[in-house]
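Step one of this worksheet: look at the structure below.
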Amino acid sequence: MAYFCKLEGRGAITLEGADRIEFLQGLVSNDVSRTETGHAVWAAYLTPQGKFRHDMFIVPDGDHLILDCEGGDRLMELGTGLRRFVLRADAKLGIAADLSCFAVWGDGAHAALGLSLEGAVASVADGIAFADPRLPDMGARLLAPEDAAKAALLSAGAEEASSAAWDAHRIALGVPDGARDMIPEKAILLENGFEELNGVDWQKGCYMGQELTARTKYRGLVKKRLMPVRIDGDAPAEMSEIQSNGRNAGTIFSIEGNHALALIRLDALKKEAPLEASGAVLHPEIPDWLELPAAD
């Protein structure tokens, strides 16, 4: 069964002009030129020091790109940050206020939108649909006017679900949700799965924060990883500190039911001491895609 829900708190930025791909290529972590082959990519916009600012899906739609990003103040912050670099480039930023963002997941999610390959795009419901390029199990997304999107998804046999159901699905897979799970100006891409989830291209050349991101990888400087945990006890509050033997071992982020995403220190993960947060015991449930360092 395929399920869908509207993702509140999302927005869409448009980018048009002959230099749109070249302009964005020097600013984000992934290879924007892949959009020329009809594929969406997931990428991050970083500080010069290589810390997370924003993540986004970059989606080709005819003669322009759509950036599926966080909405509200976060959208305005991203747009303002990108606009500072336009200078003389033929690139124009705008806001697609008429587009709503929908997540589609479960059996038949790709077929419901006429999609197959990871990142592939298709025109649907006066908008654009794309296969989530992070993981096949993340399904697909649809950027379209709300009423048209719902009608198309229901007609394709998908069932509307709650945002809580989507969060439960996403958290179980270990996939972060923007600033909800990655602290702006502090989070490091490789601690949050960007390499395994196809959010970084190591061959594309320079982009803002590239040198620090590469150094983190090649010098083995990743000390924490974001991963799903099962909560045994009353769920702690988001942003609660995780402890192991009385020492800081990480932070709790998204929570849904008795599962959460947690950024955990790798040295604490290797120890036999329990991981605890606000009296609850946390049991890591490491997804197949997450690559941890080999045990010493």
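The values are calculated or read from the model by the stated rules, or taken from the named source; none is laboratory data. Keep in mind the model is a prediction, meaning the values are calculated, not measured. All Cβ positions, even for glycine, are placed from backbone atoms using ideal geometry, and neighbour counts span all protein chains on display.
Test Arg219 against the criterion of being without any contact (Cβ under 8 Å) to a residue 60 or more places away in the chain, of a type outside the set (Phe, Trp, Tyr) and under 24 Å from Gln49 (Cβ atoms), and give yes or no. It would help to see each step written out before you state the result.
Values: without any contact (Cβ under 8 Å) to a residue 60 or more places away in the chain: yes; of a type outside the set (Phe, Trp, Tyr): yes; under 24 Å from Gln49 (Cβ atoms): yes.
The answer is yes for Arg219.
Beta carbons closer than 9 Å, at least 6 apart along the sequence or on distinct chains, pair a first residue in segment 284-295 that is under 15 Å from Lys271 (Cα atoms) with a second that is basic (Lys, Arg) for Pro284/Arg230; Leu292/Arg225; Ala295/Lys270. Of the set (1) without any contact (Cβ under 8 Å) to a residue 12 or more places away in the chain; (2) in contact with a helix residue (DSSP H, G or I) (Cβ under 7 Å, 6 or more places away or on another chain), all apply to Gly11 but (1).
From the list Leu117, Leu113, Leu189, Leu173, pick out the single residue that is farther than 13 Å from Lys6 by Cβ and out of contact with any strand residue (DSSP E or B) (no Cβ under 7 Å at 6 or more places or on another chain). So the residue among Leu117, Leu113, Leu189, Leu173 that is farther than 13 Å from Lys6 by Cβ and out of contact with any strand residue (DSSP E or B) (no Cβ under 7 Å at 6 or more places or on another chain) is Leu173. Being part of a loop (DSSP other than H, G, I, E, B), surrounded by fewer than 16 Cβ atoms within 10 Å (Cβ to Cβ) and not assigned by TED's automatic domain parsing to the domain that holds Leu190 is the requirement here; does Ala294 meet it? Yes; evaluated as a whole, the condition is true for this residue.
Number of residues in segment 275-288 that are more than 14 Å from Ile171 (Cβ to Cβ) and surrounded by 13 or more Cβ atoms within 10 Å (Cβ to Cβ): the value is 6.
Regarding segment 157-166, can at least one residue be identified that is among the hydrophobic types (A, V, I, L, M, F, W, C), within 19 Å of Leu263 (Cα to Cα) and within 16 Å of the chain's Cα centre (by Cα)? Taking every residue of segment 157-166 in turn, none turns out to be among the hydrophobic types (A, V, I, L, M, F, W, C), within 19 Å of Leu263 (Cα to Cα) and within 16 Å of the chain's Cα centre (by Cα). Could you tell me which residue of segment 281-296 is modelled with the highest pLDDT, considering only residues that are over 23 Å from Asp234 (Cα atoms) and charged (D, E, K, R)? Only one residue tops the list, namely Asp288.
Hey, can you tell me all the residues within segment 151-163 that are in contact (Cβ under 8 Å) with a residue 60 or more places away in the chain and either polar (S, T, N, Q) or within 25 Å of Gly38 (Cα to Cα) (or both)? Passing the criteria: Leu153, Ala156, Ala158, Ser162, Ser163. Among the residues of segment 214-232, those identified as in a loop (DSSP other than H, G, I, E, B) and out of contact with any Asp or Glu (no Cβ under 9 Å at 6 or more places or on another chain) are Arg219, Gly220, Leu221.
Residues in segment 237-291 that are part of a strand (DSSP E or B) and among the hydroxyl-bearing types (Ser, Thr, Tyr) were compared, and the one that is farthest from Ala179 (Cα to Cα) is Ser244. Can you find even one residue in segment 172-184 that is closer than 19 Å to Pro136 by Cβ, assigned to a helix (DSSP H, G or I) and of a type outside the set (Lys, Arg)? Yes: one or more hits. Cβ-Cβ contacts under 9 Å between residues 6 or more apart (or on different chains), taken from a first residue in segment 253-274 that is under 12 Å from Leu226 (Cβ atoms) and in contact (Cβ under 8 Å) with a residue 12 or more places away in the chain to a second residue that is loosely packed, with under 13 Cβ neighbours inside 10 Å and aromatic (Phe, Trp, Tyr), are absent.
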